Protein chains: 2
Amino acid sequence: MSLRHALLGLLAERPMSGYDLTKVFDSSLAYVWSAKHSQIYPELARLRDAGLIRQVAAGARGRKEYAITDAGLTEVRRWLQETSPDRTVRDESFLRVFFLWLMEPAKARDYLRGEEEYHRAKLGRYEEIASSPASEDPASRSARITLEAGIRHERTLADWAAWALRHLGGRGPRRGVPD
Amino acid sequence: MSLRHALLGLLAERPMSGYDLTKVFDSSLAYVWSAKHSQIYPELARLRDAGLIRQVAAGARGRKEYAITDAGLTEVRRWLQETSPDRTVRDESFLRVFFLWLMEPAKARDYLRGEEEYHRAKLGRYEEIASSPASEDPASRSARITLEAGIRHERTLADWAAWALRHLGGRGPRRGVPD
DNA sequence: AGATGACATGTCAATCCTGACACGTCTTGG
DNA sequence: CCAAGACGTGTCAGGATTGACATGTCATCT
C-alpha cells in the first residue's frame, strides 16, 4: 500500500489539497510513482479517518487542505525505516524487447529507435530541471538525489537502445562491430 | 492488459503449461514482468476460450500444455506493432529516496548502502547469466538484448547509490567533493 | 512404507488502479 | 457578458493483482 505512504510523505513536506497532490503525481513524482485523482481522494479520506492526516484549511471551490499529524509522521517514518521496498517490476517497454524477435526486423528497429528517442528526450528534460536553481531544504535535496537516478537511468537506456540497434545490425545480425 | 500478451509472446516460442509459465515469470522474466499462478491460470483459460491459444498436450498430474494459435500470433504481433508501451512507473525504492529527508541520517545511509548492495548483487547475477553460453535462436537473442538493459540498469543504479551516499556526506551534507 | 518436496491446477476475497461519469466554482480574455 | 479553461472534489464499475486456501500426483530418499 505505497500510495498511502506516498501521500503521507508528500504531506510531511507541506500541507496540500488532493488537487495539489494529483499535480505532484503528474509532475515531479511521475518518474517514481503515479496515481490518479480518483484514487487519491478516497485514500485521503481514509487517512483522515485513520487520524494520520487532518484537514487544516478550506479554500475556494471546496478546496480542502490536509496536513500530516504526529501519528502520520510516525507511520511514514516506521514505513521508511522498518519495512523493505517491494521490488516487483512491471515494465511494458522491456516486455516488448523480450518479444522483439516476433516483430518484422524493420519494425523492431523502429521500436528501438523510438525507445532511444523517448529516453533521450526524457533525459533532456531531466537535465534541464537539474540545471535550474533549486532550494537547499532537505526535501529538495532528496528530490535532487532521486532526479539524479532518473537522469542516469534515462541516459543508460538511451545508450542501451542505441547499442541494441547496433547489435541487431542494419539488416539482420552482423558481427565484428565493437560494442 | 499486458499479462495476456506476455503469455502469448512466451507461448510463441514454444508450447508450455501454466506451471512452466509461472516459472518463467519467476526467473528469466522477473526483471521485466511479474505474475503469480493465481493470475496465470485464469488468463490461460480466457485465452483458450478466445481461441488465441489451444491445449496441445496433457501430462502427468493434470498438466496441460498450451500452444499459440494463428489468431494468437496475429494478436501478439498486432499488439507489438500497433500499440505503444504503457510507460507508467511505480518504483517503491525510488519513492523511498524521495522521502530520504524524513529518515534519520544514519538510516538514510543504511538505505542507500542497501540499495547499492542489492543492485551490485543483481548485477553480478546478470553478468554471470550473460557470460554463460547462450543459444543463437531469435528468441534468445532478444532475451540477451533485454538482459543487457538489465545489466546496464543495475550497474547504473549501484553507481548512483554510491554517488548518493557520497552526496549525502559522512555526517550531513558536505561540499567540495567531486562527483 | 512413509515422508518430503517438486510438480501441477485451480478458486476466492480483498485490494489496487483506471477511465468514465458527475458536479460545481473562479478567473481571464475576447 | 460569456466562453474557455483551470481549479476542485467526488463516485463507481470493471479489470488487474495478490495471498490464502484447496486439492491431488509423482519421484526420491530413508
Among the hydroxyl-bearing types (S, T, Y) and more than 30 Å from A:K36 (Cα to Cα) - does that describe any residue in the range B:71-82? yes
Looking at A:F25, is it away from DNA strand D (no atom under 13 Å from the Cβ), among the aromatic types (F, W, Y), within 30 Å of A:A158 (Cβ to Cβ) and assigned to a helix (DSSP H, G or I)? no
Looking only at the range B:139-161, and only at residues there that are more than 7 Å from chain A (Cβ to nearest Cβ) and not aliphatic (A, V, I, L, M), the one that is nearest to B:L11 (Cα to Cα): B:S140
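Determine, yes or no, whether A:Y111 is at the interface with chain B (Cβ under 9 Å from one of its Cβ atoms), on the phi < 0 side of the Ramachandran plot and among the hydroxyl-bearing types (S, T, Y).
So A:Y111 passes the test.
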Is at least one residue of the range B:120-136 facing chain A (nearest Cβ under 8 Å) and free of Cβ contacts under 8 Å to residues at least 12 places away in the same chain? no
Checked against (1) buried (at least 16 other Cβ atoms within 10 Å of the Cβ); (2) out of contact with any Lys or Arg (no Cβ under 9 Å at 6 or more places or on another chain), B:E82 satisfies every condition except (1)
Residues of the range B:81-99 satisfying the condition of being of a type in the set (D, E, K, R) and in a loop (DSSP other than H, G, I, E, B): B:D86, B:R87, B:R90, B:D91
What residue, among those in the range B:28-59 that are outside any strand (DSSP E or B) and touching a strand residue (DSSP E or B) at 6+ places or on another chain (Cβ under 9 Å), is surrounded by the most Cβ atoms within 10 Å (Cβ to Cβ)? B:L52
Within the range B:56-98, the residues that are away from DNA strand D (no atom under 16 Å from the Cβ), under 30 Å from A:A6 (Cβ atoms) and more than 8 Å from every other protein chain (Cβ to nearest Cβ) are B:S84
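Bear in mind these aren't lab numbers, they're just calculated from the coordinates by the rules spelled out. Quick caveat, the model's predicted, so the values are computed rather than measured. Note that each Cβ is placed from the backbone with ideal geometry, even for glycine, and that neighbours are counted across all protein chains shown.
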